[in-house]
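The structure appears right after this line, and notes come after that.
The values are calculated or read from the model by the stated rules, or taken from the named source; none is laboratory data. What you see is a predicted model; the values in this text were computed from it and never measured. Backbone-built Cβ (ideal geometry, glycine too); neighbour counts: all protein chains shown.
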Amino acid sequence: MADGRCPGIGRRIRLSLAFFAAAAVGCKSGDAVNGDTALPDAALADVAAPDRAAEPVGGMDDATSAGDGPAGPAATAVPSCAGLPATCGRSGDESCCTSLLVPGGTFYRNGIDYDTATLSDFYLDKFEITVGRFRAFVNAGMGTQSSPPAAGAGAHPLIGGSGWDTAWTASLPADTATLKSLLAAGKYPTWTDAPAENENRPQNDINWYLAFAFCAWDGGRLPTDAEADYAAAGGDEQRKYPWGSADADYTMASYDCMGDGLSGCSVTDLVVVGSKPAGNARWGHADLSGNIWEWVLDCYGELQTPCNDCANLFDPTHRIDRGGGFSNADTYLAPAYNSSDLAPKQVGPDIGARCARGKP
Ligand SMILES: [Ca+2]
């Protein structure tokens, strides 16, 4: 099958996901991208060497990387956590809807010094969307063609036209039964029709439309590509990894199918969110690299310059997910290398999301 994913300037293609065969060579800036959706369950492959070293600028020591920033909107008021026990985080006693301030600033996108972006303050959820939170969405009858987001919902407050387009409604599952089937169809589904042991693991097998619809229902929105990159890179610290410049190990992130400490891929490599706090980012966010790839708002394409609270909304047949997943090599843990092009209806065992929010 054809797969013509081509990275734009400053982009990195996902070369060797465990679950997606991808090949793109000889691409140049501006090439058309022809994402496709197929290909589950390829064998793990070696990651091609990045074509540019990702040295940090002013990197941080690990010891300085794990403090939580100011908390955001009251987690108890977030719809997906209404009635949900506070069982996420390092000690299993934190709200799964904790959201933390990301102070605005200017940085280099994908670590490249001519792709500058300036962002306003925003809140980003500390954790990936968990199964337990997504269950509240499903139980509310959301995420289907009969209960789509309202037109314009889930918009970035500073980016016009970034809310729900009613033309996308047809891309949602027809009904709740169809949605549940989608969630259960993957190779390592974290979803179970009844609550079970995966409630605090990231919800996988969600496409871009479901991720958008969830965050809109949950009082938030998808982060932009620049916002997700900024949070993972520690803004102007331009960290190599969310935690700093130290080489990755399995206490910091779930990758190499070793998140659970056991060789071989398993649903338990989709680790409980926030369970590897040594890998937390500058402002306290957990699992920004590894565990599960995270959908962002943007379409895939060239980066806008200048970027002031920008998002690429030009080609909605290609969307970006970020961060690397539980089955990838450590190369994909670096935010400079983990912006990936996918068709918005793509689902996979390593595809999930987290939400951003406005000020309380
Ligand atoms: Ca992640």
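When only residues in the range 288-323 that are charged (D, E, K, R) and at negative phi count, which is nearest to the chain's Cα centre (by Cα)?
By that ranking, first place goes to E294.
With respect to A246, determine if the residue is hydrophobic (A, V, I, L, M, F, W, C), more than 15 Å from the ligand (Cβ to nearest atom) and modelled with pLDDT of 95 or more.
Yes, satisfied.
Pairs please, first residue from the range 325-341 and under 15 Å from S263 (Cα atoms), second anywhere and more than 13 Å from the ligand (Cβ to nearest atom), Cβ atoms under 6 Å, 6+ apart in sequence or on different chains.
Pairs that qualify, where the first residue is under 15 Å from S263 (Cα atoms) and the partner is more than 13 Å from the ligand (Cβ to nearest atom), are S327/A18; S327/C257; S327/C265; A329/V47.
Which of the residues belonging to the range 293-322 are touching a Lys or Arg at 6+ places or on another chain (Cβ under 9 Å), not in a strand (DSSP E or B) and not acidic (D, E)?
Y300, G301, L303, H318
Spot the failing condition for A336; the list is (1) over 29 Å from V131 (Cβ atoms); (2) away from the ligand (no atom under 16 Å from the Cβ), and only one is missed.
(2)
Can you give me the number of residues within the range 339-356 that are assigned to a loop (DSSP other than H, G, I, E, B) and within 15 Å of the ligand (Cβ to nearest atom)?
The qualifying residues number 5.
Please determine, by comparing only the residues of the range 292-314 that are charged (D, E, K, R) and at pLDDT 95 or above, which one is nearest to the ligand (Cβ to nearest atom).
Quick first cut of the range 292-314, residues charged (D, E, K, R) only: 294, 298, 302, 309.
Checking the rest, the ones that are also at pLDDT 95 or above come to 294, 298, 309.
On the way: E294: 5, D298: 17, D309: 23 Å.
The selected residue is E294.
Which residues, counting only those in the range 172-197, are buried (at least 18 other Cβ atoms within 10 Å of the Cβ) and either of a type in the set (S, T, Y) or within 16 Å of the ligand (Cβ to nearest atom) (or both)?
Selection gives Y188, T190.
What are the pairs, 6+ residues apart or on separate chains, where a residue within the range 297-309 that is under 20 Å from V102 (Cβ atoms) has its Cβ under 9 Å from a residue that is of a type in the set (A, V, I, L, M) and surrounded by fewer than 23 Cβ atoms within 10 Å (Cβ to Cβ)?
Partner pairs satisfying both residue conditions: L297/I159; L297/L313; D298/L313; L303/I9; L303/I112; N308/L158; D309/L158; D309/I159.
Given the options G152, G143, G163, G132, name the one that is loosely packed, with under 15 Cβ neighbours inside 10 Å, out of contact with any His (no Cβ under 7 Å at 6 or more places or on another chain) and at pLDDT 95 or above.
Within the list G152, G143, G163, G132, the selection yields G152.
Mind checking which residues of the range 49-96 are of a type in the set (D, E, K, R) and modelled with pLDDT under 50?
D51, R52, E55, D61, D62
Search the range 184-199 for residues that are within 21 Å of S327 (Cα to Cα) and aromatic (F, W, Y) and pair each with any residue that is at pLDDT 95 or above and assigned to a loop (DSSP other than H, G, I, E, B) when their beta-carbon atoms are under 6 Å apart and the residues are at least 6 apart or on different chains.
Sorted first by the residue in the range 184-199, then by its partner, the pairs are Y188/P349.
Name every residue in the range 249-286 that is within 13 Å of the ligand (Cβ to nearest atom), assigned to a loop (DSSP other than H, G, I, E, B) and over 30 Å from S162 (Cβ atoms), in order of residue number. Reasoning before the result, please.
Going residue by residue through the range 249-286, those that are within 13 Å of the ligand (Cβ to nearest atom) are 252-255, 259, 269-276, 279-281, 285-286.
Remaining after also requiring assigned to a loop (DSSP other than H, G, I, E, B): 252-255, 259, 270-276, 280-281, 285-286.
Scanning the range 249-286 gives M252, S254, Y255, G259, V271, V272, S275, K276.
Only one of F137, F127 is buried (at least 22 other Cβ atoms within 10 Å of the Cβ), within 16 Å of the chain's Cα centre (by Cα) and hydrophobic (A, V, I, L, M, F, W, C). Can you tell me which?
F127
Do any residues in the range 200-218 that are within 14 Å of the ligand (Cβ to nearest atom) have Cβ atoms under 6 Å from those of residues that are in a helix (DSSP H, G or I) and not β-branched (V, I, T), where the two are at least six apart or on different chains, and which pairs are they?
Within 6 Å, the pairs are Q203/F134.
What are the residues in the range 106-123 that are over 15 Å from L158 (Cβ atoms) and either touching a residue at least 24 places away in the same chain (Cβ under 8 Å) or of a type in the set (V, I, T) (or both), if any?
T106, F107, Y108, R109, N110, G111, I112, Y114, D115, T116
What pairs come out if I take residues in the range 163-180 that are without any contact (Cβ under 8 Å) to a residue 40 or more places away in the chain and among the polar types (S, T, N, Q) and pair them with residues that are surrounded by 17 or more Cβ atoms within 10 Å (Cβ to Cβ) and outside any loop (DSSP other than H, G, I, E, B) whose C-beta lies under 7 Å away, six or more apart or interchain?
T176/V138
If I159 satisfies all but one of (1) in contact with a helix residue (DSSP H, G or I) (Cβ under 9 Å, 6 or more places away or on another chain); (2) farther than 18 Å from R133 by Cα; (3) in contact (Cβ under 8 Å) with a residue 60 or more places away in the chain, what's the number of the condition it fails?
All conditions pass for I159, except number (1).
Conditions first: (1) closer than 25 Å to F214 by Cβ; (2) among the hydroxyl-bearing types (S, T, Y); (3) away from the ligand (no atom under 16 Å from the Cβ). S289 passes all but one, so which condition is the exception?
Result: S289 passes all but (3).
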